[in-house]
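The values are calculated or read from the model by the stated rules, or taken from the named source; none is laboratory data. Because the structure is a prediction, the values reported are computed rather than measured. Neighbour counts run over all protein chains shown; Cβ positions are idealised from the backbone, glycine included. For accessibility, only protein heavy atoms count, side chains too; no ligands or nucleic acids. Shrake-Rupley method; radii C 1.70, N 1.55, O 1.52, S 1.80 Å.
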Amino acid sequence: MTAFDLQRLLATESERVEWKRSPRNTDEVLRAVCALANDLGATDEPGYLLVGVDPDTGSAVELPSDEDSVQQDLVNRIESTRLVPTPSYEVQVAHLDGGPILVVTVHPFPVPPVVTVNGVAWVRRGTSTVKAREPDLVRMRERRPEHHRPFDTRAHGDASLDDMRTPPLRDMWRAAREIDDDTETFPPFEAWLVQKQIGVAGRDGFRPTVGGLLVHGDSPQDLFPGAIVELVRYDGIDIDAGVTDRKTITGNVPDQLEALWLQIAAHIADVPRSVDGIREDFAPVYPLEALKELARNMLQHRQYEATNAPARVEWFDDRVEFSNPGAPYGRAAEGEFGDHSDYRNPLVTSLLVELGYVQRLGRGVRRVRLLLEKNGNPPLAVETDGFTRVVVRHR
């Protein structure tokens, strides 16, 4: 970035330029990036977030001296699953007389989705970052043709509010209304579901989205027969061995995760690791948290569109295999498995984040590798051939 470009960005805030004093206020940073990515004015131009700038004067303020650490911390905040989907962006360090500032360049999507922070969309209106209103959401969604939208954000024409598990949704709606700054103008229940992308308001009434059905539906399998998990325990090391246990796990994605995690925990045994005098040290053959993370990854990123294939967990005497329809998606297909993250199901991801089932993208698989190494298990093996198969071997 040239000195001229920097001075131009420091001349004044605008719809495409925002100044922030500190990178430590995560909410403000994420909202700013979200608003710039949403590009409400459809400028198709990059937006700029300048961190380390006094919003009142436009002059640099002192940032922590370790520039690399501050820059990496800012990247980690933007990469968190609170911001979904993550837009294309770059972070640079620029230097002024008053000290360094961080320049975050945010690129709007060519075919724009609605970017959200904790499920809420933010936009720039003039020089302010504000919550998107329903007309703003309609305006942004109309820019994206239906067939270009992620599958999980599309309305399902054969579903209705009767297919949703409404009591917990109403509890969430009431809780959100109680903490809102302006309860009198808080949207009615169905309009709130539309704001959360759990549904779409059409001429023929409310229609749930695919992601809304998968995460908050009562029985998604009525509409997506393949949206199940098959767990099989073999008495041997190949599929010719006898089957000692078999379960088909249904329900919405949170239901499936809870049931699958219980099954995984029940199947893990502790075996001796070493003998220290009269004390025998036991350790699990598989680290529980690693298998739970792989189960979460499997359901979060699997392909739900145009397939009736289930996700599978196959438990052999020497390994556990997780497989799901769909190869790694987008940037996630680049490099080693888990190096990069992308969003085949951005709405499913966002809703799972809100419910506390997903914490941070880009970290899960790397954490699995570390847990396996600490427990003494061999490294992950990954195969992709239209499906994604992840193999965890016995310690």
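Please go through the stretch 342-395 and pick out each residue that is within 19 Å of Trp261 (Cβ to Cβ) and among the aromatic types (Phe, Trp, Tyr).
Scanning the stretch 342-395 gives a single hit, Tyr357.
Among the strands (runs of 3 or more DSSP E) contained in the stretch 1-96, which hold 2 or more residues that are surrounded by 15 or more Cβ atoms within 10 Å (Cβ to Cβ) and of a type in the set (A, V, I, L, M)? If you could, list the steps in order and put the result at the bottom.
Working: elements: 17-20, 47-51, 88-96.
Those strands (runs of 3 or more DSSP E) span 47-51, 88-96.
Can you pull out the residues in the stretch 153-173 that are at pLDDT 95 or above and either open to solvent by 50 Å² or more (accessible area, probe 1.4 Å) or part of a helix (DSSP H, G or I) (or both)?
Leu161, Asp162, Asp163, Arg165, Thr166, Pro167, Pro168, Leu169, Arg170, Asp171, Met172, Trp173
Which of the residues belonging to the stretch 321-336 are of a type in the set (D, E, K, R) and open to solvent by less than 60 Å² (accessible area, probe 1.4 Å)?
Residue satisfying the conditions is Glu321 alone.
Restricting to the stretch 122-144, give me the number of residues that are outside any helix (DSSP H, G or I) and open to solvent by less than 50 Å² (accessible area, probe 1.4 Å). Full working, then the answer.
First, the residues of the stretch 122-144 that are outside any helix (DSSP H, G or I): 122-133, 143-144.
This time we only want the ones that are open to solvent by less than 50 Å² (accessible area, probe 1.4 Å), so: 122-124, 126, 129-130, 132, 144.
Of the residues in that region, 8 qualify.
Taking the options Gly99, Gly119, name whichever one is open to solvent by less than 20 Å² (accessible area, probe 1.4 Å), touching a residue at least 40 places away in the same chain (Cβ under 8 Å), farther than 29 Å from Ser59 by Cβ and not hydrophobic (A, V, I, L, M, F, W, C). Explain how you work it out, then say what you get.
Numbers: Gly99 fails: farther than 29 Å from Ser59 by Cβ.
Going through Gly99, Gly119 in turn, just one is open to solvent by less than 20 Å² (accessible area, probe 1.4 Å), touching a residue at least 40 places away in the same chain (Cβ under 8 Å), farther than 29 Å from Ser59 by Cβ and not hydrophobic (A, V, I, L, M, F, W, C): Gly119.
Which of the numbered conditions does Leu213 fail, given that it passes all the others? Conditions: (1) farther than 17 Å from Glu354 by Cβ; (2) in a helix (DSSP H, G or I); (3) of a type outside the set (Gly, Ala, Ser).
(1)
Anything in the stretch 189-210 that is open to solvent by 70 Å² or more (accessible area, probe 1.4 Å) and either modelled with pLDDT of 95 or more or assigned to a helix (DSSP H, G or I) (or both)? List them, or say none. Step through it out loud before you land on a result.
Let us first name the residues in the stretch 189-210 that are open to solvent by 70 Å² or more (accessible area, probe 1.4 Å), namely 190, 201, 203-204.
Glu190, the sole residue that qualifies.
Looking at Thr384, is it touching a residue at least 24 places away in the same chain (Cβ under 8 Å), of a type in the set (Ser, Thr, Tyr) and either open to solvent by 20 Å² or more (accessible area, probe 1.4 Å) or farther than 30 Å from Val114 by Cβ (or both)?
Numbers: touching a residue at least 24 places away in the same chain (Cβ under 8 Å): yes; of a type in the set (Ser, Thr, Tyr): yes; either open to solvent by 20 Å² or more (accessible area, probe 1.4 Å) or farther than 30 Å from Val114 by Cβ (or both): yes.
So Thr384 fits the description; yes.
Which residue is surrounded by the most Cβ atoms within 10 Å (Cβ to Cβ), if the candidates are limited to the stretch 357-371 and must be at pLDDT 90 or above and either in contact with a Phe, Trp or Tyr (Cβ under 8 Å, 6 or more places away or on another chain) or not in a helix (DSSP H, G or I) (or both)?
Top of the filtered list is Val365.
Only one of (1) closer than 21 Å to Tyr89 by Cβ; (2) of a type outside the set (Lys, Arg); (3) surrounded by fewer than 16 Cβ atoms within 10 Å (Cβ to Cβ) fails for Asp317. Which number is that?
(1)
Are any residues in the stretch 1-35 without any contact (Cβ under 8 Å) to a residue 12 or more places away in the chain and among the basic types (Lys, Arg), and if so, which ones?
The answer is Arg8, Arg24.
Out of the residues in the stretch 215-246 that are within 30 Å of Ser160 (Cβ to Cβ) and among the charged types (D, E, K, R), state the one that is most open to solvent (accessible area, probe 1.4 Å). So that I can check it myself, show each step before the final result.
Residues of the stretch 215-246 within 30 Å of Ser160 (Cβ to Cβ): 215-230.
In the following step, the residues that additionally are among the charged types (D, E, K, R) were identified as 218, 222, 230.
Values: Asp218: 86, Asp222: 119, Glu230: 31 Å².
Within the stretch 215-246, the match that is most open to solvent (accessible area, probe 1.4 Å) is Asp222.
Taking the stretch 290-308, which residues are assigned to a loop (DSSP other than H, G, I, E, B) and surrounded by 19 or more Cβ atoms within 10 Å (Cβ to Cβ)? Walk me through how you get there before you give the answer.
Within the stretch 290-308, the first condition is being assigned to a loop (DSSP other than H, G, I, E, B), and the residues that meet it are 302-308.
The answer is Arg302, Gln303, Tyr304.
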